[in-house]
Amino acid sequence: MNVVARALRSTRDAMRLDQETFSALLAVDIAEVQAWEAGTRNASSNDLVRCARALALTVEEVLAGELSQA
């Protein structure tokens, strides 16, 4: 699993979201989220911005994968 994949999963977990809910927030198929987290498909920079916006975070916070408070 690559760094971005780990960060996306850690952030999603910290926000207490399952993959289905996260994919709905992003308006993408759940298979896309699964592929990002598995590292079989890279999330684009636009995808990372969408993730951050959907979670009311910065891209840096998403990439850190750890939130002080969820």
So which of Ala56, Ala24, Ala31 is surrounded by fewer than 16 Cβ atoms within 10 Å (Cβ to Cβ), without any contact (Cβ under 8 Å) to a residue 12 or more places away in the chain and in a loop (DSSP other than H, G, I, E, B)?
Ala56
Residue check: is Leu48 in contact (Cβ under 8 Å) with a residue 24 or more places away in the chain and outside any helix (DSSP H, G or I)?
no
Would you point out which residue out of Arg9, Arg41 is open to solvent by 50 Å² or more (accessible area, probe 1.4 Å) and not in a loop (DSSP other than H, G, I, E, B)?
Arg9
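The values are calculated or read from the model by the stated rules, or taken from the named source; none is laboratory data. Since this is a predicted model, take the numbers as computed values, not measurements. Using ideal geometry, Cβ is built from the backbone for each residue, glycine included, and neighbour counts are taken over all protein chains shown. Please note that ligands, DNA and RNA were not included when accessible areas were found on the heavy atoms of the full protein model with its side chains. Shrake-Rupley method; radii C 1.70, N 1.55, O 1.52, S 1.80 Å.
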